[in-house]
Amino acid sequence: MSLEQELFQRSGSQCELCASKEDLHIFEVPDSPADADKHILICGTCKEQIEDPEKVEPNHWRCLNDSMWSTVPAVQVMAWRMLNRLKAEGWPQDLLEMMYMEEQQLEWAKAGQNAGESTGGVVHKDSNGATIEAGDTVVLIKDLPVKGSSLVAKRGTAIKRVSLVHDNPEQIEGKVEGQQIVILTKFVKKV
C-alpha cells in the first residue's frame, strides 16, 4: 500500500487537523525524528497557514479542539505546535493545558518550536521584566481608572487568564469586575 493510500485510509479521506474533505495533501511534519511516522494528510488551508504564519486565521484552528486527541503522534505534534503558535489568543492555552502527550512526542513537538517555527517576535514583559504569556495571572501595581467607565481597577487586584495584544508588547487584556479591559504591562506584576 502506498503512503498516500495509507494516509487516506487512516484519516477517512479528510484533513487530519480540520476534517476538511477537499484539496488534500500529504504533509511531512518538519523536524521529525528519523524513525517517526512523520506524514499527515492535511487540506490546502491548513497547509498554507502552517507554512506561512502571516496567513494564520486563529478561528480556523479551533478544529484542534478535536484533532489534538488524535492517536497519531504526527497529528498530535502539529496540533501542539499550532496551539503554541496561537497561544496569545487565549483559548489555545486552555487546550494546551488539557492536552496529553507522551514525553517522546512532546520532545518532537518542541524541536519544531526551537527551530523558530512560531514565536511571533512580540514579547510582553511586566513591570519587573518578567515575560507575560497568555493565560498568566497578573496583579495591578497601582490604581487604574478605566477609560469610558466610572470603574477604577484597584492596586493589588489579580487579573487571571490574561490574553496578549499581538502587535503591541506593552498591552495585555483581562477582566476586572466582569469588564474586559486593556492594561499596560508597566502597571502589572506577574504572579
*asked:* With the requirement that a residue be closer than 25 Å to Q9 by Cβ and in contact (Cβ under 8 Å) with a residue 40 or more places away in the chain, what does the stretch 36-60 give you?
replied: A36
*Specify the residue that is farthest from G174 (Cα to Cα); the eligible residues are those in the stretch 123-140 that are of a type outside the set (V, I, T), open to solvent by 50 Å² or more (accessible area, probe 1.4 Å) and under 19 Å from the mean Cα position of the chain (by Cα).*
K125
*Please determine, by comparing only the residues of the stretch 161-178 that are open to solvent by less than 50 Å² (accessible area, probe 1.4 Å) and not aliphatic (A, V, I, L, M), which one is farthest from K190 (Cα to Cα).*
N168
_Counted residues, the stretch 142-160 - those being surrounded by 14 or more Cβ atoms within 10 Å (Cβ to Cβ) and either on the phi > 0 side of the Ramachandran plot or more than 28 Å from the chain's Cα centre (by Cα) (or both)_ = 4
*Can you give me the number of residues within the stretch 163-189 that are closer than 15 Å to K125 by Cβ and at pLDDT 90 or above?*
10
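The values are calculated or read from the model by the stated rules, or taken from the named source; none is laboratory data. The structure presented is a predicted model; accordingly, all values stated were derived computationally and were not measured. Please note: Cβ atoms are built from the backbone with ideal geometry, for glycine as well, and neighbour counts cover all protein chains shown. Keep in mind that these areas ignore ligands, DNA and RNA; they rest on the heavy atoms of the full protein, side chains included. Shrake-Rupley method; radii C 1.70, N 1.55, O 1.52, S 1.80 Å.
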